[in-house]
Amino acid sequence: MSSDFEGYEQDFAVLTAEITGKIARVPRLPPDEKKQMVANVEKQLEEAKELLEQMDLEVREIPPQSRGMYSNRMRSYKQEMGKLETDFRAHLLHNTERLERSSRRLEAGYQIAVETEQIGQEMLENLSHDREKIQRARERLRETDANLGKSSRVLTGMLRRIIQNRILVVILGIILVITILTAITFSVRKP
């Protein structure tokens, strides 16, 4: 999985280097070549976006505990992609004020999107952990309920035995008293 990601990374690095070089040459080209170069750069920018999408899919398949490093790389590549697109527009428009405003808005929007994605990811992870905790608590509750049922049966049995023992002691006491009284009456009548 990470080898695919690294392959995409290498392709992305080569492609962005080519795009950067072409963007730098655009202003110095004659109009005919400029149109061809612009079309070529636009095509390569689309290829770079597709590579980023493939890399993003690879990152989503990586286990969450290992995903952080790759996510940071993806943020960096997306920022680099945004910068390439901004530079390309700047060379086409030749308007630095517009470029600065657009760049700031894109960067702020991208930052908000990244932060929103991070918050969403954290919330999903928290919800997943909470769900696991709730499931474990339910299982413990079921076990406790089963144990309480067993304990209740044991206590009921013990109570029954206590009552039986007390009845037996009372009966033995009565028999003993009757025996003693009978013995006393027989001993008094014999003379």
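Which condition does SER76 not pass, out of (1) open to solvent by 80 Å² or more (accessible area, probe 1.4 Å); (2) at pLDDT 90 or above; (3) of a type outside the set (Val, Ile, Thr), if it passes all the others?
(1)
How about the range 21-30: which of its residues are assigned to a helix (DSSP H, G or I) and surrounded by fewer than 16 Cβ atoms within 10 Å (Cβ to Cβ)?
Within the range 21-30, GLY21, ALA24, ARG25, PRO27, ARG28 qualify.
Of all residues being at pLDDT 85 or above and among the small types (Gly, Ala, Ser) in the range 79-108, which is nearest to VAL38 (Cα to Cα)? Just the residue, please.
The extreme case among them is GLY82.
Residue-wise test of (1) more than 41 Å from the chain's Cα centre (by Cα); (2) open to solvent by 90 Å² or more (accessible area, probe 1.4 Å); (3) under 23 Å from PRO64 (Cβ atoms).
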residue: ALA113; (1), (2), (3): no, no, yes
residue: THR144; (1), (2), (3): no, no, no
residue: GLY149; (1), (2), (3): no, no, no
residue: MET158; (1), (2), (3): yes, yes, no
residue: GLN164; (1), (2), (3): yes, yes, no
residue: LEU168; (1), (2), (3): yes, yes, no
residue: GLY173; (1), (2), (3): yes, no, no
residue: ARG189; (1), (2), (3): yes, yes, no
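Out of all the residues in the range 49-58, which are open to solvent by 40 Å² or more (accessible area, probe 1.4 Å) and either in contact with an Asp or Glu (Cβ under 8 Å, 6 or more places away or on another chain) or not basic (Lys, Arg) (or both)?
In the first step, residues of the range 49-58 are kept if they are open to solvent by 40 Å² or more (accessible area, probe 1.4 Å); the result is 49-50, 53-54, 57.
Scanning the range 49-58 gives GLU50, GLU53, GLN54, LEU57.
Checking the conditions here, which among GLU61, GLU46, GLU33, GLU85 is open to solvent by 50 Å² or more (accessible area, probe 1.4 Å), more than 30 Å from LEU127 (Cβ to Cβ) and under 37 Å from the mean Cα position of the chain (by Cα)?
GLU46
Of the residues ARG136, ARG73, which single one is touching a residue at least 60 places away in the same chain (Cβ under 8 Å), in a helix (DSSP H, G or I) and more than 23 Å from VAL38 (Cβ to Cβ)?
After ruling out the rest, the residue left standing is ARG73.
The values are calculated or read from the model by the stated rules, or taken from the named source; none is laboratory data. Just so it is clear, the structure is predicted and the values come from calculations on it, not from any experiment. Cβ coordinates were reconstructed from backbone atoms using ideal geometry, including for glycine residues, and neighbour counts include every protein chain displayed. When the accessible area is computed, the model is the full protein with side chains, heavy atoms only, and any ligands, DNA or RNA have been set aside. Shrake-Rupley method; radii C 1.70, N 1.55, O 1.52, S 1.80 Å.
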